[in-house]
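Novice: Take a look at the following structure, please.
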Amino acid sequence: MAISFGVDYYPEHWPRERWETDAKLMQEMGVQVVRMAEFSWSRLEPREGEFQFGWLDDAIALLARYGISTILGTPTAAPPAWIIARNPEIQPVDSQGRVRHFGGRHHDCQSNPAYRAHIKRYVTAFAEHFGKNPNVIGWQVDNELGNSHEDLCFCEECEKRFRLWLQERYGSIEELNRHWGTVFWSQGYNSFDEVFAPRMTASGHNPSQMLDWKRFCSDLVLDFHNFQAEILRKAAPGKFITHNMMGFSDKISYFDLADHLDFSSHDQYPGGHFQEDPNAPRAARLAAPLDFIRGTKHRPFWIMEQQSSITGWGDMGRAPRPGQLALWAAQSIAHGADAVVFFRWRTCTVGTEQYWHGVLPHSGVPGRCSRELSACMHRAAPLMARHRGGLPKPKVAIVFSYEQEYAFQIQPHHPELTYLGHVMTYYRALFERNIPVEFVREGEDLSGYEWVVAPLQYLMTPQKEAQFRAYVENGGNLVLTMRTGVKHEDNLCMDNQPLPGALHDVLGLTVPEYDCLRETDVQVDWGGARYRGLKWSDLVEPQGAKPLAVYASEFYAGTPAITVNEYGKGRAYYVATEMDAPLAARFVQEMVDSSALRPLLDTPQDVEVCYREAGGKAVYFVLNHTAQEQPVEIPAGWTPVEGFDGAPLPPYGVAVYEGPLPGEA
Ligand code: GLA
Ligand code: ZN
């Protein structure tokens, strides 16, 4: 039977006598799967080679009697004290040379050979033992890879690996010197052994070295994953491997990771999140990571941890309002989750996460949250069976790039400019009009999209230039933004022609000058209406491009801020500043007015509409993220799906309709 719902379960936190009550309650609620054991190393191997798998066997068997399958995690995000006592060199070292000690989690260096040996022993025994169990359906390697390793590890082992990685990338030290521009500040190297990990310096860093370090760190985390995944696949070939990713977390490229997974998973905590863009309205901020994780494979994904009550460690978030938990779960499903696993089953009484609340409170007595989630599961499961596997087919793609993000972390230009924040300008404006978006990685086939938005294409390659050119030539609508074509992929500035480089004829312009908007912004005029450009102005000199909006303040008033150029069968837009929200909304209106692009529905702010394909039709979700009742005008061809609210939508209400696919009304 296909799985729709589950919980993250830690039976080792509770007396055995309670387990059956838990299993019974889970079954009544509609739980079909648990994830377990990803933090249980000390209980499963309390001393080297002394495996105590029996209690977990029992838990799996008991749950199976209640129709609940198991996903098992490898416990490498928290190596036990006996390992650290024996091999203290496993503990990671930060950029200032300080050791991160035992006592929390993620106190591991992912390069360390002693640690790899411990992992090999444990994971092999674990996989061989549980791989035979038919109730174990899949694996998760580690937990939230990249989490807590702020600047990763600068220990000697990591440095050694970095040198090997560089040797492989550049072949010779002369090449490295050239690609890193080491003539500056006397950084020339005679051999790879002289190259250091970029630890804290007296002043500044080489941007090319920093970019390679970030690439290396992403590759290291990927290697750490694959090292374990290979053991698991060998021992238990019939089971899936997934990973609980964290939306836009940046330590490892999730595109690369997803290539090694059977499907992607994501952890969704609307009440306490990662890397929030404070400028993005809430609903858009919650939706974007879901769309992003879908984009890692363009396939349905799982939520491996979905918020089930109040979040918190030392401090706590708000109590979810009545309806909110079900709304958030529905949002995950609406954006492509085929299964939702709630974190965690019961709020724990011990440890760091005593206040990261679960489905059940500390007392274990079901309360409001568990009643709401139970209702949510019973109501949604039949619907999920209907659209399982189905996805939306967005006409707009947003190119997402870890490399561009890294480059802007290294040199943000403006203290408040972030890559993700800039990307969210476009995402949010499209979201607010209920225009579905697909995230794509750099280099991916773009031909299926009517619009491609590629923000901050700062690091440029001839391949990317050729791809963008061909896309427009063949009739695509391309949106490029400020700081396009500034650097080579090794983070050295281009010098062979004026900005934006080779794409100047596609865009019909050059950018001879720019202005960093420190402590100010710039007025923008579009057809007599006033907007603001933020953080940055590229000063555009049109060479055929038509200005849509112009700067209306500063010494460059009258200079184009947004342009469009006809090229081949398509059009290329250039947005020379970071748009404020009203300007971005105006830009999306231009997208709608100038093409066949249409919103799914017009709704009040923070009432979201999205859809999934289901057997040639569409299932439309209308999600009210506000605390007020909201009117929504439902198209005549949409029929309500039983069990969900209708319009007007109650506060935090979820309405679901079946209707023709977008554009087929
Ligand atoms: C993450 C982790 C979980 C737990 C929760 C709550 O998502 O994967 O192990 O720590 O956060 O903090
Ligand atoms: Zn290390």
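Novice: Restricting to region 36-59, count the residues that are of a type outside the set (D, E, K, R), closer than 14 Å to Phe130 by Cα and either within 16 Å of ligand 2 (Cβ to nearest atom) or surrounded by fewer than 19 Cβ atoms within 10 Å (Cβ to Cβ) (or both).
Specialist: 5
Novice: Residues Leu222, Leu211, Leu261: which one is without any contact (Cβ under 8 Å) to a residue 40 or more places away in the chain and either over 16 Å from the mean Cα position of the chain (by Cα) or not assigned by TED's automatic domain parsing to the domain that holds Ser374 (or both)?
Specialist: Of Leu222, Leu211, Leu261, the one residue that is without any contact (Cβ under 8 Å) to a residue 40 or more places away in the chain and either over 16 Å from the mean Cα position of the chain (by Cα) or not assigned by TED's automatic domain parsing to the domain that holds Ser374 (or both) is Leu222.
Novice: Within region 239-263, can you find the residues that are closer than 16 Å to Gly73 by Cα and of a type in the set (Gly, Ala, Ser)?
Specialist: none
Novice: Show the residue pairs that are 6+ apart or on different chains and have beta-carbon atoms under 8 Å apart, the first residue being within region 275-302 and more than 14 Å from Pro394 (Cβ to Cβ), the second being assigned to a helix (DSSP H, G or I) and modelled with pLDDT under 95.
Specialist: That search, which allows pairs on different chains as well, returns Glu276/Arg285; Asp277/Arg285.
Novice: So Cys516 passes all but one of these: (1) buried (at least 18 other Cβ atoms within 10 Å of the Cβ); (2) closer than 21 Å to Val423 by Cβ. Which condition number does it fail?
Specialist: Evaluating Cys516 over (1) buried (at least 18 other Cβ atoms within 10 Å of the Cβ); (2) closer than 21 Å to Val423 by Cβ leaves (1) as the failure.
Novice: Which residues, taken from region 105-135, are within 12 Å of ligand 2 (Cβ to nearest atom) and basic (Lys, Arg)?
Specialist: Arg116 - this is the single residue of region 105-135 that is within 12 Å of ligand 2 (Cβ to nearest atom) and basic (Lys, Arg).
Novice: Counting only residues that are of a type in the set (Lys, Arg) and surrounded by fewer than 20 Cβ atoms within 10 Å (Cβ to Cβ), how many does region 202-222 have?
Specialist: So the answer is 1.
Novice: For region 156-170, what are the residues that are more than 10 Å from ligand 2 (Cβ to nearest atom) and not aromatic (Phe, Trp, Tyr)?
Specialist: The answer is Arg163, Leu164, Leu166, Gln167, Glu168, Arg169.
Novice: Which residue pairs have Cβ atoms under 6 Å apart, sit 6 or more places apart or on different chains, and have a first residue in region 459-482 that is touching a residue at least 24 places away in the same chain (Cβ under 8 Å) and a second that is surrounded by fewer than 18 Cβ atoms within 10 Å (Cβ to Cβ) and of a type in the set (A, V, I, L, M)?
Specialist: Short answer, once both residue conditions are applied: Glu465/Ala502.
Novice: Going through Leu72, Leu25 one at a time, which residue ends up being more than 25 Å from Pro382 (Cβ to Cβ) and either touching a helix residue (DSSP H, G or I) at 6+ places or on another chain (Cβ under 8 Å) or in a helix (DSSP H, G or I) (or both)?
Specialist: Checking each option against the conditions leaves just Leu72.
Novice: Output the number of residues of region 476-506 satisfying the condition of being more than 21 Å from Gly181 (Cβ to Cβ) and part of a strand (DSSP E or B).
Specialist: 5
Novice: Related question: When region 581-590 is examined, which residues are found to be surrounded by fewer than 24 Cβ atoms within 10 Å (Cβ to Cβ) and touching a Phe, Trp or Tyr at 6+ places or on another chain (Cβ under 6 Å)?
Specialist: If the condition is that a residue be surrounded by fewer than 24 Cβ atoms within 10 Å (Cβ to Cβ) and touching a Phe, Trp or Tyr at 6+ places or on another chain (Cβ under 6 Å), then Pro582, Arg586 are the ones that fit.
Novice: Has region 328-346 got any residue that is over 23 Å from the mean Cα position of the chain (by Cα) and away from ligand 2 (no atom under 16 Å from the Cβ)?
Specialist: Checked against the condition, which is being over 23 Å from the mean Cα position of the chain (by Cα) and away from ligand 2 (no atom under 16 Å from the Cβ), region 328-346 yields at least one hit.
The values are calculated or read from the model by the stated rules, or taken from the named source; none is laboratory data. If you're wondering where the values come from, they're calculated on a predicted model, not measured in any experiment. Glycine also receives a Cβ, built like all others from the backbone with ideal geometry; neighbour counts cover every protein chain displayed.
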